[in-house]
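The values are calculated or read from the model by the stated rules, or taken from the named source; none is laboratory data. Remember, it's a predicted structure, so these values are computed and weren't measured experimentally. Neighbour counts run over all protein chains shown; Cβ positions are idealised from the backbone, glycine included.
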Amino acid sequence: MQNRTPRIPQQPAPNHRADTGAELTVELTAVVTGARRRALRDGDQQIDTAHLLHSLVESDAEVRTAFDGGPQLARVLGYLVQRSIGYGLRWQGAIEDSGPIPVVPGAPDTGVEGWSPAAASAMEEAHRRARLRGRDRAGGLDLLAALAADRRCRAVEVLERAGVDAALLADRIVEASDQG
């Protein structure tokens, strides 16, 4: 079987390294690795919030339980799969710029190198949430809550197209973490 992923040897590989690995749980480290792999395979220059959401939903069982039942989760995965194979949401090759920091190639303050500003902000927010709960490392629910709270990011667009109320999801996660 022939590999259908196009290879462009003259194109430099994007740098998707984040200096946050020491502050992530093992599970969230796997999520970041999956998002990086997805971005590279899709030919995207940066890890965006939809890459993170896709990897979270696929690999973190605790995140999957945060959704309101199987049908809702199935719709979210459906939109994410459509995106990854080039249908539906057409972002492939485009840079996500939902945050207050403008995307300027090569500028020093465009977020963590290799990450869209919204994805970098979500990771920072996940770390902040973990610290507020007295934890040293951010986990999957911390990141999901951060993604769902950013009304302008691609992850929220996926969630809303799948019929998920992103604000309600973020509130449920915060409420559950406050009780636990």
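General observations
- Test result for A120, touching a Gly at 6+ places or on another chain (Cβ under 8 Å), of a type in the set (A, V, I, L, M, F, W, C) and closer than 16 Å to I173 by Cα: no
- Complete set of residues in the stretch 34-59 that are surrounded by fewer than 24 Cβ atoms within 10 Å (Cβ to Cβ) and hydroxyl-bearing (S, T, Y): S59
Here is a yes/no grid of residues against (1) part of a helix (DSSP H, G or I); (2) more than 13 Å from the chain's Cα centre (by Cα):
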{"position": "S121", "(1), (2)": "yes, no"}
{"position": "E124", "(1), (2)": "yes, no"}
{"position": "R128", "(1), (2)": "yes, yes"}
{"position": "R151", "(1), (2)": "no, yes"}
{"position": "A155", "(1), (2)": "yes, no"}
{"position": "V158", "(1), (2)": "yes, no"}
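- Odd one out for E175, checked against (1) under 25 Å from V26 (Cβ atoms); (2) at pLDDT below 90; (3) assigned to a helix (DSSP H, G or I): (1)
- Residue count for the stretch 37-63, restricted to those that are touching a strand residue (DSSP E or B) at 6+ places or on another chain (Cβ under 6 Å) and either not in a helix (DSSP H, G or I) or not hydrophobic (A, V, I, L, M, F, W, C) (or both): 2
- Checking L143 against (1) surrounded by fewer than 24 Cβ atoms within 10 Å (Cβ to Cβ); (2) in a helix (DSSP H, G or I), the condition it does not meet: (1)
- Per-region count, the stretch 114-141, residues without any contact (Cβ under 8 Å) to a residue 40 or more places away in the chain and either polar (S, T, N, Q) or under 21 Å from A176 (Cβ atoms) (or both): 7
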